[in-house]
Amino acid sequence: MNKEKIRKVLSKVGVAGLATTVGIFTSAVVNAGNSCGKGSCGSKKVEASEKAEDAGKTSCGAGMKKSETKKEEMTAPAKKETKAKKKKNKKEAKSSCSK
Amino acid sequence: MSTSSKDEACAIFPLCRSLVGGERWKTLLAMSGNSTTAESFVDMFSSQVENLGLPPFLSQLAKLEWTKHVVERSTIEIPKEATQFKLNPTLEVLDLSWKLTPFLNGIEDITCVQPSPEKEWAIIWQNPKDRKVLVEPASNEELLAIKVLAEDMTPEDAADAGEIPVGAIDRAILAAVENGLVLAPRSRIRRNEMFLPAGTPECFITAKTFTLQWHITNVCDLSCKHCYDRTKRSPLTLEQGKRVLRDFREFCRERHVRGNVCFTGGNPFLYPEFFSLYEATSAMGFSTAILGNPVPRSKIERLVAIQRPGYFQVSLEGEPSHNDDIRGRGFYLRVIEFLGMLRDMDVSSAVMLTLTKDNIDQVLPLAERLRGHAEYFTFNRLSCVGSGANLSLPTRERYIAFLHAFVDAAQANPIIGFKDNLINIVLHQMGKELFDGCTGFGCGAAFNFLAILPDGEAHACRKFPSPLGNVFHKTITEIYDSETAERFRRGCRACDGCALKAVCGSCLSIASSHGLDMFEQQDPYCFMKST
């Protein structure tokens, strides 16, 4: 579907109306589902949505459990590329140190 | 209609056919004549709804089934990356007056359940990852993202139109990226592959998130013996803070990464404008985390009401008596109670220990004590800077032995996590899977991470003096692109050629605090070459 066709279909809804509802909706989502950050350091990985990217979901459950850390473990760089890639999304937002 | 078209129609419109029934289906096929294609069946349903006594929603169901078929058959190229956010070219949007998508997903059985006459925006698209076709009811958030991009609006204009924070628009677009409705540009936070082992996977080269560890105040209610920084610095004003956030948003947009702000201090809650700054951070669309000390429940409630942090990290230094000797009397118990409160409030918790020669034997006992209290526990080696210079690290040999025990203990204790890059050497020796290193990319100093102090000073890493400039005087982009920052990203040359470099790079702060040239001489605790 090209952009013009989508524009036409969505001409009935206004950005203002959608934005207003999204503002409320997004806030609710953040409060309800953004607790999955992970990471390890002052150092924890954050980022709810990104972590669950592979699953196409925005919530990722308990974030910092070791069991999940294990899942994120990867192979030596040149070895198990596929698995490492798959888990990569779940480990992005670590910061670097303790305070 | 030809025989092949009739067969095709059966395959394309299975739900319509099951509703219509065999006899009326035959009638419809007969009415279609010889020249009719499967596509024209959609109009046929519309025109015959009343004549044949068909369900009123049937024409829209036919349209939905046809659209799904079109998307399934689409061979249009879905670019792996875009130069800017753009709609998935396979996306179709339908405006329906019946709630029909649950039937296409198999959630409801059309022969048993009557669709409800509710307005529904159906979105049908191929997932860019596997080209699997998805049919979903669009949320307002998804519609907004689609509308903004279809209309070529900027997030700022959309936010103005809806009178909501621009971060809400950013989030809507990023959520649409997650679902594959929108294609995103590739992150520009990338390692220089020249310095990585050949064949390093892309996931260890490119960061999708950038973290700002923001020390918004040096004021603290504790006086820990190993505190890295007790200097008095010019306090951050709220206006300066908001300017930093705007600058950070620009940086993230320009680099195509998600922003994560990790508030710390001192105790960030002692910053007088903390909640205003936290709210502004949420409004910018950044994810958040806290590194701090225990605070009253009311503070956490207020925090969560604005935006639930990804995690709240506190520190412990060993078993109760040792911890309280370092951090102050009664602190251990305060932390344990606080962790329980975080759990009650569904806030993810983490405990960090700063490893010294005095507490190395207490790490594993503490990990056992914290089971059921914390979600995550790990350690970080002491950097002998600031007050930390008064303490010392264990010997290299003792540390190596400890790392092996730590890795073993992690097998049985679900809260133990890995952070120190050198753990990867143990894993490598054991032939086990490596973990992703200190910041997800081995040492992340000035790569996917920057630390900012209350007076605006930016550092590559907070564990040691690694100044890069001041965010009050330069943009984060200028600081990130500086030669000094590049030098930190480049890391230690002594690690070049190491098979673990992408997930290790040792620890610059340890080398630095041992008086070594951290860019030339590696972490004195590294034992990779002796394996």
Lys and Arg at +1, Asp and Glu at -1: neighbours of B:S234 with Cβ under 11 Å from its Cβ sum to 0
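Among B:16-27, B:171-182, what's the highest-first ranking by average C-beta atoms within 10 angstrom per residue?
Values: B:16-27: 15.8, B:171-182: 23.7.
So the peptides B:16-27, B:171-182, ranked by packing, come out B:171-182, B:16-27.
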dims of the range B:105-240, Cα set, principal axes, largest to smallest, nearest Å -> 72, 47, 34
For the range B:90-105, Karplus-derived ³J(HN,Hα) couplings (6.51, -1.76, 1.60; θ = phi - 60°; whole Hz; x for glycine and proline) come out as 8, 5, 10, 10, 10, 9, 10, 9, 10, 7, 10, 4, x, 6, 6, 8
Counting other chain Cβ atoms within 10 Å of each Cβ in B:303-313 and taking the mean gives 6
A correct Karplus calculation of ³J(HN,Hα) over the range B:284-291, with 6.51 cos²θ - 1.76 cosθ + 1.60, θ = phi - 60°, whole Hz and x for Gly and Pro, returns 7, x, 7, 6, 9, 8, 10, 10
Within the range A:1-19, the residues whose backbone N lies under 17 Å from a label point placed 7 Å from the Cα of B:E151 along the Cα-to-Cβ direction are A:3-19
For the range B:308-458, the Cα convex hull volume per residue in Å³ comes to 139 Å³
For chain B the translational diffusion coefficient, Stokes-Einstein from a Kirkwood Rh over Cα pairs at 4 °C and viscosity 1.567 mPa s, in µm²/s, is roughly 49 µm²/s
With bins of 20 Å, the percent of all Cα-Cα pairs of the protein assembly as shown per bin from 0 is 19, 47, 24, 9, 1
Averaged over the residues of A:5-14, the number of partner chain Cβ atoms within 10 Å of each residue's own Cβ comes to 6
Taking only Cα atoms of the range B:471-531, the Rg to Rh ratio with Kirkwood Rh works out at 1.07
Per DSSP, the loop-located GluC sites (Glu not before Pro) within the range B:33-95 having at most 13 other beta carbons within 10 Å are B:E50, B:E77, B:E81
Counting other chain Cβ atoms within 10 Å of each Cβ in B:162-174 and taking the mean gives 5
With a 30 Å threshold on alpha-carbon distance, the violating pairs from A:K8/B:K132; B:K463/B:K501; B:K129/B:K242 are B:K129/B:K242
Summing -39500 (n - 2.57) over every DSSP H run of at least 4 residues in chain B and dividing by its residue count gives a helix-only mean residue ellipticity at 222 nm, to the nearest 500 deg cm²/dmol, of -11000 deg cm²/dmol
With B:K119 itself left out, Lys, Arg at +1 and Asp, Glu at -1 over residues whose Cβ is under 14 Å from its Cβ give -1
With x for Gly and Pro, the residue-by-residue ³J(HN,Hα) of the range B:318-330, computed from phi through the Karplus equation 6.51 cos²θ - 1.76 cosθ + 1.60 at θ = phi - 60° and given in whole Hz, is x, 5, x, 5, 5, 4, 5, 5, 7, 9, x, 4, x
Square roots of five times the C-alpha gyration tensor eigenvalues of the range B:43-158, ordered largest first and given in whole Å, equal 29, 16, 13
Env charge @ B:F402, Cβ radius under 12 Å, K,R +1 / D,E -1, value 0
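All of the numbers you see were taken from the coordinates with simple rules; none came from a lab. Worth saying up front: this structure is predicted, and the values here are computed from it rather than measured. We place every Cβ from the backbone using ideal geometry, glycine too, and count neighbours over all the protein chains shown.
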